[in-house]
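Some notes on the structure that comes next.
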Amino acid sequence: MTNESVWLLVATKARAEAVAAEHLARQGFGVCAPQLRVKKRRRGQWQWVVEPLFPGYVFVQLTLGEQDIAPIRSTVGCRGLVRFGGTPQPVPEVIISPLLAMNDQPVALDSALKAGDRVRIEEGPFRGIEAIFDMPRGEDRVQVLITALGGQQRIVVDSDAISRDD
């Protein structure tokens, strides 16, 4: 396994994926830190946010036999290489190829709700109630099912008034 370019997995400190990736790249390592673009509710408003696809991890490329792995554990934002049986294991090409194809561009996550998804009502008279997504009702409204009055009741609310109940 000498003089062979491999991808390894690096564990990062909490919410330090971008910092770790930057510092690893400065040291001459190839870095892959795939990101997602997701719509989340922040301070009562829907916002698009970019977050790591693999929180707490980045991929690093190095040439075994030419590049030393020792500096990785002391790199800002890094905790160290992920090891199995005490040895860092190369990430298979079938896994890393699609991630590299993303070209450091955040991929938008399809957050469309499907019938049966659990949601929480965030606004209006039913605020705080857990519900089950039933179906869209036009462009800006959705129908959800809530448990009330001894059974499931259908109500229609603004689509911005619900969030995924994870």
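The values are calculated or read from the model by the stated rules, or taken from the named source; none is laboratory data. The structure presented is a predicted model; accordingly, all values stated were derived computationally and were not measured. Cβ: placed from backbone, ideal geometry, glycine included. Neighbour counts: every protein chain shown.
Right, residue 64: aliphatic (A, V, I, L, M) and in contact (Cβ under 8 Å) with a residue 60 or more places away in the chain or not? For residue 64, the condition - aliphatic (A, V, I, L, M) and in contact (Cβ under 8 Å) with a residue 60 or more places away in the chain - is met.
Can you tell me which residue in the range 15-30 is surrounded by the most Cβ atoms within 10 Å (Cβ to Cβ), limited to those that are in a loop (DSSP other than H, G, I, E, B) and of a type outside the set (Lys, Arg)?
29
Scanning the range 121-155 for residues that are out of contact with any Gly (no Cβ under 9 Å at 6 or more places or on another chain), not hydroxyl-bearing (Ser, Thr, Tyr) and not in a loop (DSSP other than H, G, I, E, B) yields a total of 16. Of all residues assigned to the range 143-153, none qualifies as being touching a Ser or Thr at 6+ places or on another chain (Cβ under 7 Å) and either in the same structural domain as residue 36 (by TED's automatic domain parsing) or at pLDDT below 90 (or both). In summary, strands (runs of 3 or more DSSP E) completely within the range 32-118 and bearing 3 or more residues that are touching a helix residue (DSSP H, G or I) at 6+ places or on another chain (Cβ under 7 Å) occur at 57-64, 78-81.
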